Amino acid sequence: MSILAWIVLGLIAGFIASKLVNRSGGNLVLDLVLGVVGAFVGGFLFTEFGARGVDGLNLYSILVATIGAVVVLFIYHALARRRTL
């Protein structure tokens, strides 16, 4: 899959994950960037557990990337919250 497709998929997944994880309306741009990272993480995690990873711009890949983005955003927000306490 091309880098541009990963970025588009990550932006979509980041937006969805941002709405699921960050309900307070935080920094959407940061959440989108972390969504791109989450797309890579989701593809890696699914491949490691024996499932099909991200394989194009389709609904299954958006689901995989969104799960990865939720994981990344959850970890980021947990660490950011701990840093402010």
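Coordinate-derived values only; no laboratory data. Quick caveat: nothing in here was measured; it's all calculated off a predicted structure. FYI the Cβ positions are ideal-geometry reconstructions off the backbone, even for glycines, and counts take in every protein chain you see.
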- Note on the structure: Checked region 34-54 for anything under 10 Å from the mean Cα position of the chain (by Cα), hydrophobic (A, V, I, L, M, F, W, C) and over 12 Å from Ile7 (Cα atoms); matches are Val41
- Note on the structure: Condition set more than 14 Å from Ala5 (Cβ to Cβ) and among the aliphatic types (A, V, I, L, M), scope region 55-71, selection surrounded by the fewest Cβ atoms within 10 Å (Cβ to Cβ): answer is Leu59
- Query: Does Gly38 meet the test of being out of contact with any Leu (no Cβ under 9 Å at 6 or more places or on another chain) and either small (Gly, Ala, Ser) or more than 22 Å from Tyr76 (Cα to Cα) (or both)?
  - Reply: no
- Query: Any residue in region 38-54 that is of a type in the set (Gly, Ala, Ser) and surrounded by fewer than 18 Cβ atoms within 10 Å (Cβ to Cβ)?
  - Reply: yes
- Query: Any idea which of Leu20, Leu11, Leu79, Leu32 is without any contact (Cβ under 8 Å) to a residue 40 or more places away in the chain and surrounded by fewer than 15 Cβ atoms within 10 Å (Cβ to Cβ)?
  - Reply: Leu79
